[in-house]
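Please read the structure below before turning to the comments.
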Amino acid sequence: MSDQQFPVSVEFFPPKTPEGVTKLHTVRQQLYALKPEFCSVTYGAGGSTQEGTFATVRDILAEGVDAASHISCIGATKATMRANLATLKSMGVKRLVTLRGDLPSGYGLGGEFQYASDLVAFIRAETGDDFHIEVAAYPETHPQAKSPAADLQAFAAKVGAGADSAITQYFYNADAYFRFVEEADALGVRAPIVPGIMPIASSTQLMRFSDACGAEIPRWIRLRLQSYGDDTASIRAFGLDVVSSLCEQLRAGGAPALHFYTMNQSAATLAICERLGL
Ligand code: FAD
């Protein structure tokens, strides 16, 4: 496959202000230069609303680009999920990133779904093959999992329930990804597992996110980032080196595509893709 054809996808979160909507519009136009296979939009993450997700998905589809809506089931009923799926279908959405999601601490789980696998099975039962279903994968193990083996089994069950492909939580250790893919394959998982890539543009933001989602920042990366303090140019130059080299390793090792967590910014993702010749 030539470099031009190596598939990439990009992820956004729904902006909360009119200025954010305008800015994301500009960011999208810049990222469309990469010819992304699809753009995905998060759902409920960080207190964002479902309306924000659907509005951003509509904007992307109106720009003639394939959009994937994330959808999470924690606290949801089957009736509301059915209604949301009907809305997404009527909008022309063909791809879903199907998640359990997280509730802010202090909330009980509630709802009629316990795990993402329940939602995958529900979507397949209700809508057949209308949607391409993506699920989340955790090469460094989901923070609430009983063990790495149990998490891998849960992942295989999620794919067994009808998922077409997976996107991973971000990581900076390629070996964790390759081992995860190998072990999933041994469990019979044939769905492509696409690495999620988090560009490094800000040190504090990365530390905050990684603590919350259980992604490991290797000591050598953390110490270097800390040593740069407020020197944004050095953080970005170092981040570009580290993440481009990770992407090279993943591509050389057979990763089927790359999915970028853009954080609604274009510069870092564009710089990495330029370095990779994409
Ligand atoms: P699940 O696959 O249900 O797993 C959750 C936990 O339950 C894991 O520890 C798993 O090991 C365990 N488990 C699963 N099945 C079983 C079982 N049968 N028995 C026992 N244990 C089981 N969050 C948002 O709120 N909005 C988003 O848009 C969003 N997008 C994301 C996109 C990607 C690519 C990724 C990787 C994560 C995203 N998240 C998002 C975060 C995600 O919602 C959280 O990580 C959440 O805690 C788990 O969701 P899941 O779908 O992976 O859950």
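The values are calculated or read from the model by the stated rules, or taken from the named source; none is laboratory data. Note that the structure is a prediction, hence the values are computed from the model and not measured. Please note: Cβ atoms are built from the backbone with ideal geometry, for glycine as well, and neighbour counts cover all protein chains shown. To get the accessible areas, we keep the full protein, side chains included, count just its heavy atoms, and leave off ligands, DNA and RNA. Shrake-Rupley method; radii C 1.70, N 1.55, O 1.52, S 1.80 Å.
A few notes on this one:
- Cα gyration tensor shape for the chain, rounded if a/c is under 1.5, else prolate or oblate: rounded
- Of the residues 83, 119, 252, the one whose Cα sits farthest toward the positive end of the charge dipole of the chain, with +1 on the Cβ of Lys and Arg and -1 on the Cβ of Asp and Glu, is 83.
- Cα-Cα pairs of the range 158-203 separated by more than 16 Å (percent): 42
- Average accessible area per residue (Å²) across the range 86-169 - probe 1.4 Å, nucleic acids and ligands excluded: 48
- Rolling a 1.4 angstrom probe over the protein heavy atoms with all chains in place gives the range 222-277 an accessible area of 46 Å² per residue.
- Applying both filters, DSSP loop and at most 13 other Cβ atoms within 10 Å, to the trypsin sites (Lys or Arg not before Pro) of the range 81-148 gives 146.
- Of 139, 18, 148, the residue with the greatest mean-square motion in the GNM of the chain, using alpha carbon springs below 10 Å, is 18.
- The chain: most fluctuating residue of 155, 238, 171 per GNM, C-alpha cutoff 10 Å: 238
- Surface share of carbon and sulfur [accessible, 1.4 angstrom probe, percent] for the chain: 52
- The magnitude of the dipole of the range 182-278, with charges of +1 and -1 set on the Cβ of Lys/Arg and Asp/Glu and taken from the Cα centre, is near 120 debye.
- Size of charge dipole - the range 1-157 - debye, nearest 20, with Cβ of Lys, Arg +1 and Asp, Glu -1, no other charges: 240
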